Amino acid sequence: MPNPQIDEILDVVAQKALIDRSKLTPEAKLSDLNVSSLDMVEVMFALEDKFGIELPFNANTNANEFQTVSDVIALVEKQLAAKKTGANG
């Protein structure tokens with residue numbers, strides 16, 4: 001079953017990193033897609049704005065934590081879950 005939230009995340013990554021959306025699969029390596037640390041900063045800011053979350057990301061220290069597209073998806077989903085839990089608690 002398609003996940004619209006993941007589609008939204010991938011749309012933001014594609015737009016901000018200037019990548020063909022069809023190349024964005026969860027197992028795709030960001031380095032293979034030529035996503036620079038500056039691109040990742042743009043992606044993170046856009047994801048924060050879109051979903052109303054804060055992503056703990058520093059291009060100097062966190063860039064190596066994001067090896068694949070699924071790493072980005074996982075971080076966003078984790079922050080969304082924390083936001084939902086925090087709002088209900």
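Every read-out reported here was derived from the displayed coordinates using simple, explicitly stated rules and does not represent laboratory data. Predicted model only: the values in this text are computed from it and were never measured. Reconstructed Cβ throughout: ideal geometry from the backbone, glycine too, with neighbour counts over all protein chains shown.
Below, the figures for the structure above:
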item	result
For THR68, residues with placed amide H under 5 Å, excluding near neighbours	LEU30
Order of ASP11, ASP20 - criterion: other Cβ atoms within 10 Å of each residue's Cβ, fewest first	ASP20, ASP11
Calculated P(r) tail over 18 Å for segment 4-81, as whole % of Cα pairs	28
Whole-number percent relative contact order across the chain, with pairs defined as alpha carbons under 8 Å at least 6 apart	31
Burial ordering of LEU24, LEU33, fewest other beta-carbon atoms within 10 Å first	LEU33, LEU24
LEU38, LEU30 arranged by Cβ crowding within 10 Å, fewest neighbours leading	LEU38, LEU30
Top of VAL35, VAL13, VAL43 by mean-square fluctuation, Gaussian network on the chain, Cα under 10 Å	VAL35
Nearest-ten-degree value, helix 69-88 long axis tilted from longest Cα axis of the chain	10
